[in-house]
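The block underneath contains the structure these notes are about, expressed in structure tokens.
None of the figures in this text is laboratory data; all of them are computed from the coordinates on show. Not measured: the values here are computed from a predicted model. For neighbour counting, all protein chains shown are included, and Cβ atoms are generated from backbone atoms with ideal geometry for every residue, glycine included.
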Amino acid sequence: MCADLADHMQNDRDYIFCNGKVCYKVMDGIASDVVKGYKTAFAYLQEATKHSLHNEDEVLRNALSLRIPCGRFSYAALGSAKILGVSGTVHGLTQYQWQVMQGFGVSSYTLVPSVYGRNNFAFLNQDHGTPITVTTDLFHDVATQVNRIIQQGRAVIVFFRDAHQVEDFQQSPYYGKIQNKNVLLPSLLDKDKDWIIRKAATAGQVTFAAAL
């Protein structure tokens with residue numbers, strides 16, 4: 001617990017807070033059912049100090065609990081004479097690949113379900129990027145398009161010509177009409193850039209960046 005607290009204090013941006021839950025980046029998505037030991041509990045406590053939690057008492061009651069490991073599965077404990085290697089592609093091998101492995105004397109195979117469950121990843125049937133012509137109403141058009149897509153529950157990334165144009169947009173009255181936004185500029189610290197990039201794909205998140 002103390003080690004998790006120290007790690008959380010040194011890297012308190014390891015998580016993403018979304019829809020009232022502490023989430024973590026998993027592959028190309030965001031998962032709210034991932035628990036990283038006591039670090040997740042400390043993350044909820046941190047959000048509680050910001051008054052970011054809905055039904056705070058219930059959320060903290062579920063998050064703040066002692067975790068007692070009941071057991072672990074170890075391939076190493078099976079013994080080196082019983083296992084050659086671990087692969088997630090055995091079930092997809094071709095007939096020739098099976099023959100090659102049998103030529104090395106591998107004759108026994110065991111398939112176990114993935115601890116991550118079935119992969120239900122699928123690409124959305126969506127449009128490509130939306131270019132916006134530079135006009136006198138550029139910033140109005142940007143804000144309108146962004147809010148339209150956000151209402152669909154999607155993330156939005158907007159690239160401006162350069163950092164100066166991003167700053168001009170920030171000074172415009174349309175910038176304040178967009179919620180949940182971050183600005184990615186070359187002048188930011190590396191850790192701040194990394195945090196913004198991690199959040200960019202979160203549903204409802206808007207990220208403004210400079211193309212050059």
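Relative protection proxy for 199-205, 148-154, from highest mean packing down: 199-205, 148-154 (other beta-carbon atoms within 10 angstrom).
Take the Cβ atoms of residue 164 and residue 137, set R0 to 22 Å, and the FRET efficiency comes out at 0.70. Between the amide H of residue 158 and those of 207, 208, 209, distances stay under 5 Å, these residues lying 5 or more places away or on another chain, with hydrogens modeled in the peptide plane. What the pair-distance distribution of the range 2-63 shows, using all Cα-Cα distances binned every 10 Å from zero, is 23, 56, 21, 0 percent.
Here's the list of aspartates and glutamates a cross-link from residue 21 could span, going by alpha-carbon distance under 16 Å and ignoring same-chain residues fewer than 8 apart: 12, 33, 47, 56, 57, 58.
Using R0 = 41 Å, the C-beta based FRET efficiency linking residue 95 and residue 31 works out to 0.65.
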